[in-house]
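Colleague: I am attaching a structure below and will ask some questions about it afterwards.
The values are calculated or read from the model by the stated rules, or taken from the named source; none is laboratory data. Note that the structure is a prediction, hence the values are computed from the model and not measured. Using ideal geometry, Cβ is built from the backbone for each residue, glycine included, and neighbour counts are taken over all protein chains shown.
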Amino acid sequence: MTPTTPTAAAAMTAHPGLPLRGRVRAPGDKSISHRALILGALARGVTRIEGLLEGDDVRRTAAAMAAFGAEVSRLGEGRWRVVGAGALAEPGDVVDCGNAGTGARLLLGAAAGFDMSTTFTGDASLRGRPMMRALRPLGLMGARWLTREGGRLPLTLRGGGLTAIDYRLPEPSAQVKSAVLLAGLNASGVTRVIEPEPTRDHTERMLRAFGAQVTVTDADGERVIALAGGQALAGAHIVVPGDPSSAAFPLVAALTTPGSEVTVEGVLLNPLRAGLFETLREMGADLAITRVREAGGETVGDVTARYSQLTGITVPPGRAVSMIDEYPILAVAAAHAHGSTVMRGIGELRVKESDRIALMAQALAACGVAVEEEAEGLIVVGAEGGNHRVAGGARVRTHGDHRIAMSGLVLGLGACEAVSVDEAGMIATSFPGFGALMASLGARLDAT
């Protein structure tokens, strides 16, 4: 299984134009796609996956599972088959996670449960991101490792012989929780993860879909997830819903481009992932959710956004865990709002694929939007008079970050003058076909 690589870096420009209109479907949810591949490889038997996100990040995870001994094959668009042997085998070479931080941290947990050594690496961005948050609890369970300074890739992990632990997350992180639970599958005893603040629960839900017994209880205001080691997983049929983080881009484009109405079909509505929709509604967004239904153990629905007069708000810091990836595009919506939008408790954005707080502040300022950057926050002062188009006319530096690139392009669609991003090829890591999808709605995006 060989992953694809995004095309060479190329600039792209978004031009203000006609209203955006139409119905589209967002790519499959990235978080669920990673987990479906990993659990399919850990299970015994055949796992069929529909709607898998086919961006580079997920393909890297698919290639990793093949390296760990699973049979991984693509059957058609979004349709994949994984045949697992119930255990992972030691890879014959270094496992390259590309730009996939989620994939890397989850793979650390999965590999830690087996008596083998695995060396992980990634691209320049991923090699600069710390892994200690996931490694610390794995070390408490008995795993060992050798890393670069600061727990950065490349690193070699030695697993096997794990003992279950009770681990209270020091900060909200679904990736760390998931790494511990995946390791706990092959640890002696019952592994418990204590969450002072709930994080996205896709791992718990999907473990059940593969036959594992997972209990979730509330104790003294905390969420406790318990998983007994030694459980055997069985192949499953997984339907991946549309990614709300990806759906956010065409939806916010509609909210901020006059005369627009856009529907994104089949969007994941998990309450631990729906913080952006709640926030946009509080800002006055005309958002309608219809055809709510169940798919693959998750709630999905169609989300329609219509051009709206937005008002700045203070986003509750506790909501960050349910929308951490959506703050860059929220900042675009805030740029068009009347008044200030205050976003705090988002320090994690500084250690994503880039320093997203700094880059969004720079992008907005370059387009004539007043911003104030804080250590763990961002304040955006919307265009005077309420939902007027921002000035635009700037070139946005992305530092190789796909969400910064897409946010910059959406900003340009609603601005007075075109906005360019210095690199767009990496958008394929999370949203393959972004340009074509936006063009189908009437957006003018040109490679430059």
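Colleague: Which members of the range 142-200 meet the condition of being of a type in the set (D, E), closer than 22 Å to P271 by Cβ and assigned to a strand (DSSP E or B)?
Modeller: If we filter the range 142-200 for residues that are of a type in the set (D, E), which is where we start, we get 149, 166, 171, 195, 197.
Cutting the leftovers down to closer than 22 Å to P271 by Cβ gives us 171, 195, 197.
Within the range 142-200, E195 is the sole residue that qualifies.
Colleague: Looking only at the range 395-403, decide whether some residue is farther than 17 Å from T256 by Cβ and among the aliphatic types (A, V, I, L, M).
Modeller: Within the range 395-403, not a single residue is farther than 17 Å from T256 by Cβ and among the aliphatic types (A, V, I, L, M).
Colleague: While we're looking at this one, here's another question. Residues T61, T119: which one is over 21 Å from L233 (Cα atoms) and either assigned to a loop (DSSP other than H, G, I, E, B) or of a type in the set (V, I, T) (or both)? Spell out how you get there, then give the answer.
Modeller: On the way: T61 fails: over 21 Å from L233 (Cα atoms).
None of the other options fit; the residue is T119.
Condition check ((1) more than 24 Å from the chain's Cα centre (by Cα); (2) at pLDDT 95 or above) across all residues:
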position	(1), (2)
G84	yes, yes
G142	yes, yes
R152	no, no
L185	no, yes
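For every residue, the table says whether it meets (1) closer than 24 Å to P271 by Cα; (2) surrounded by fewer than 22 Cβ atoms within 10 Å (Cβ to Cβ).
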{"site": "I313", "(1), (2)": "yes, yes"}
{"site": "Y327", "(1), (2)": "yes, no"}
{"site": "R350", "(1), (2)": "no, yes"}
{"site": "L359", "(1), (2)": "no, no"}
{"site": "G368", "(1), (2)": "no, yes"}
{"site": "G393", "(1), (2)": "no, yes"}
{"site": "V396", "(1), (2)": "no, no"}
{"site": "H402", "(1), (2)": "no, no"}
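Colleague: List the pairs whose first member sits in the range 287-301 and is touching a residue at least 24 places away in the same chain (Cβ under 8 Å), whose second member is exposed (fewer than 12 other Cβ atoms within 10 Å of the Cβ) and of a type in the set (V, I, T), and whose Cβ atoms are under 6 Å apart, counting only residues at least 6 apart or on separate chains?
Modeller: Final answer for the pair search is G301/V292.
Colleague: Next question, about the same structure. For residues that are in contact with a strand residue (DSSP E or B) (Cβ under 7 Å, 6 or more places away or on another chain), surrounded by 15 or more Cβ atoms within 10 Å (Cβ to Cβ) and either free of Cβ contacts under 8 Å to residues at least 12 places away in the same chain or of a type in the set (G, A, S) (or both), tally how many sit in the range 372-383.
Modeller: The qualifying residues number 2.
Colleague: Looking at the range 381-391, is at least one residue at pLDDT 95 or above and either among the small types (G, A, S) or part of a strand (DSSP E or B) (or both)?
Modeller: Step one: filter the range 381-391 for residues at pLDDT 95 or above, giving none.
No, the range 381-391 contains no residue that is at pLDDT 95 or above and either among the small types (G, A, S) or part of a strand (DSSP E or B) (or both).
Colleague: Of everything in the range 348-371, what is free of Cβ contacts under 8 Å to residues at least 60 places away in the same chain and small (G, A, S)? Give them in sequence order. Quick ask: steps written out before the conclusion?
Modeller: Step one: filter the range 348-371 for residues free of Cβ contacts under 8 Å to residues at least 60 places away in the same chain, giving 349-350, 355-371.
A358, A361, A363, A365, A366, G368, A370, listed by residue number.
Colleague: Within the range 205-217, can one find any residue that is crowded, with 17+ Cβ neighbours inside 10 Å, under 22 Å from the mean Cα position of the chain (by Cα) and of a type in the set (V, I, T)?
Modeller: no
Colleague: Quick one: V239 ticks every box in (1) in contact with a Phe, Trp or Tyr (Cβ under 7 Å, 6 or more places away or on another chain); (2) hydrophobic (A, V, I, L, M, F, W, C); (3) at pLDDT below 95 bar one, so which box is it?
Modeller: So V239 meets the others, but not (1).
Colleague: Further, regarding this structure: Count, please, the residues in the range 288-303 that happen to be modelled with pLDDT of 95 or more and crowded, with 18+ Cβ neighbours inside 10 Å.
Modeller: So the count comes out to 3.
Colleague: Only residues that are out of contact with any helix residue (DSSP H, G or I) (no Cβ under 7 Å at 6 or more places or on another chain) and surrounded by 24 or more Cβ atoms within 10 Å (Cβ to Cβ): list them for the range 246-261, please.
Modeller: From the range 246-261, those out of contact with any helix residue (DSSP H, G or I) (no Cβ under 7 Å at 6 or more places or on another chain) are 246-247, 251, 254, 258-259; that's our starting set.
The answer is S246, A247, L251, A254.
Colleague: Among all residue pairs at least 6 apart or on different chains, which show Cβ distances below 6 Å where the first residue, located in the range 17-40, is among the hydroxyl-bearing types (S, T, Y) and the second is in a helix (DSSP H, G or I)?
Modeller: Within 6 Å, the pairs are S31/H202; S33/V58.
Colleague: Give all pairs with beta carbons closer than 7 Å in which a residue from the range 218-241 that is over 18 Å from R44 (Cα atoms) meets a residue that is of a type in the set (D, E, K, R) and in a loop (DSSP other than H, G, I, E, B); count only pairs at least 6 apart in sequence or on separate chains.
Modeller: V240/D29; P241/D29
Colleague: Out of all the residues in the range 76-89, which are more than 15 Å from R35 (Cβ to Cβ), part of a strand (DSSP E or B), touching a residue at least 12 places away in the same chain (Cβ under 8 Å) and not β-branched (V, I, T)?
Modeller: Answer for the range 76-89, where residues must be more than 15 Å from R35 (Cβ to Cβ), part of a strand (DSSP E or B), touching a residue at least 12 places away in the same chain (Cβ under 8 Å) and not β-branched (V, I, T): R79, R81, A85.
Colleague: Kindly list the number of the only condition in (1) touching a residue at least 40 places away in the same chain (Cβ under 8 Å); (2) surrounded by fewer than 20 Cβ atoms within 10 Å (Cβ to Cβ); (3) within 27 Å of R389 (Cα to Cα) that fails for V264.
Modeller: Of (1) touching a residue at least 40 places away in the same chain (Cβ under 8 Å); (2) surrounded by fewer than 20 Cβ atoms within 10 Å (Cβ to Cβ); (3) within 27 Å of R389 (Cα to Cα), only one is false for V264: (2).
Colleague: Mind checking whether some residue in the range 312-327 is in contact with a His (Cβ under 7 Å, 6 or more places away or on another chain) and either modelled with pLDDT under 95 or among the small types (G, A, S) (or both)?
Modeller: The answer is yes, given that some residue of the range 312-327 is in contact with a His (Cβ under 7 Å, 6 or more places away or on another chain) and either modelled with pLDDT under 95 or among the small types (G, A, S) (or both).
Colleague: If I38 satisfies every condition in (1) farther than 15 Å from R79 by Cβ; (2) in contact with a strand residue (DSSP E or B) (Cβ under 7 Å, 6 or more places away or on another chain); (3) surrounded by 24 or more Cβ atoms within 10 Å (Cβ to Cβ) but one, which is the exception?
Modeller: Only one criterion is unmet by I38, namely (2).
Colleague: Next question. Answer yes or no as to whether E417 is without any contact (Cβ under 8 Å) to a residue 24 or more places away in the chain and either within 23 Å of S260 (Cα to Cα) or over 23 Å from the mean Cα position of the chain (by Cα) (or both).
Modeller: The answer is no for E417.
So that you can scan it fast, the table gives a plain yes or no per residue for (1) loosely packed, with under 15 Cβ neighbours inside 10 Å; (2) basic (K, R):
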| site | (1), (2) |
| --- | --- |
| A10 | yes, no |
| R25 | no, yes |
| G28 | no, no |
| H34 | no, no |
| G45 | no, no |
| R48 | no, yes |
| R59 | no, yes |
| A64 | no, no |
| A67 | no, no |
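Colleague: Same structure again: Return a yes/no flag: does the range 184-201 have any residue that is over 29 Å from I238 (Cα atoms) and of a type in the set (G, A, S). Talk me through it step by step, then tell me what you get.
Modeller: The initial filter retains those residues of the range 184-201 that are over 29 Å from I238 (Cα atoms), namely 196.
If we keep only those that are of a type in the set (G, A, S) as well, we get none.
No, the range 184-201 contains no residue that is over 29 Å from I238 (Cα atoms) and of a type in the set (G, A, S).
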